[in-house]
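Colleague: Quick one: structure below, then a few questions.
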Amino acid sequence: MDEGVPVLVHATDPYRRLARRPLNFWLSVDSGTPTALPLGGPSRLTLPPGRHELRFAYPVPQDDQDGCRILVDTTAGSPVSVYYAAPLSRSQPGVVGYQPDPRAQRTGRALRVANRGVLILMGALVLLGIVAVLAFLLQLG
């Protein structure tokens, strides 16, 4: 009896560290009911041999048009790996493919660096404001 073909889904959220975001994404197979799966290490699915459509949605599927899709062919019987990167905003579908998306990894790193730069700049402006207030108070006194 054939038990099916393993499909490994590697899902990442390169923007997770920048904001509080859900830890799950939604996956439906062949227009079935969406299932919440965790971001991070691979999630394992077992699909019967044949062609299947996987639909990814993040953070919550709204309607049938949400998310991104990929066709997976399991007729050969060998395991299949799929890589999904969550989108930056709710209006984007994300990126799915058979290889990790280097743009999503670079964008996540770039946003973390920009976030640190903004924090450093804000800290410097606050410090400058404190110094200006202290200088003003010393002139009054």
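Colleague: Quick check for you: which residues of segment 70-87 have the amide N under 19 Å from the point 7 Å beyond the Cα of residue 31 toward its beta carbon?
Modeller: Once the point is set 7 Å along Cα→Cβ of residue 31, 70-73 turn out to lie under 19 Å by backbone N, inside segment 70-87.
Colleague: Quick one: which residues, 5 or more positions from residue 24 or on another chain, have an amide H under 5 Å from its amide H? H modelled 1.01 Å from N in the peptide plane, none for Pro or chain starts.
Modeller: 39
Colleague: Any idea how far apart residue 120 and residue 99 come out in nm if each label point goes 7 Å out from Cα toward Cβ?
Modeller: Each label point lies 7 Å from its Cα, and together they span 3.3 nm.
Colleague: R0 = 35 Å: FRET efficiency of residue 132 with residue 69, Cβ-based, nearest 0.05?
Modeller: Details: r = 55 Å, r/R0 = 1.58.
About 0.05, to the nearest 0.05.
Colleague: In what order, largest first, do 83, 58, 98 sit by accessible area if the probe radius is 1.4 Å?
Modeller: From most exposed to least exposed: 98, 83, 58.
Colleague: Further question on the same structure: How would you order 71-78, 5-12 from highest to lowest mean count of nearby Cβ atoms within 10 Å? Provide the component values of the computation, followed by the final result.
Modeller: Details: 71-78: 11.9, 5-12: 18.8.
My ranking of the peptides, most packed first, is 5-12, 71-78.
Colleague: Top to bottom by accessible area (1.4 Å), largest first, where do 130, 120 land? Numbers along the way, then the final one.
Modeller: Numbers: 130 90, 120 125 Å².
Solvent-accessible surface, decreasing: 120, 130.
The values are calculated or read from the model by the stated rules, or taken from the named source; none is laboratory data. Since this is a predicted model, take the numbers as computed values, not measurements. Note: ideal-geometry Cβ built from the backbone for every residue, glycine included; neighbour counts use all protein chains shown. These accessible areas exclude ligands, DNA and RNA; they are computed on the full protein's heavy atoms, side chains included. Shrake-Rupley method; radii C 1.70, N 1.55, O 1.52, S 1.80 Å.
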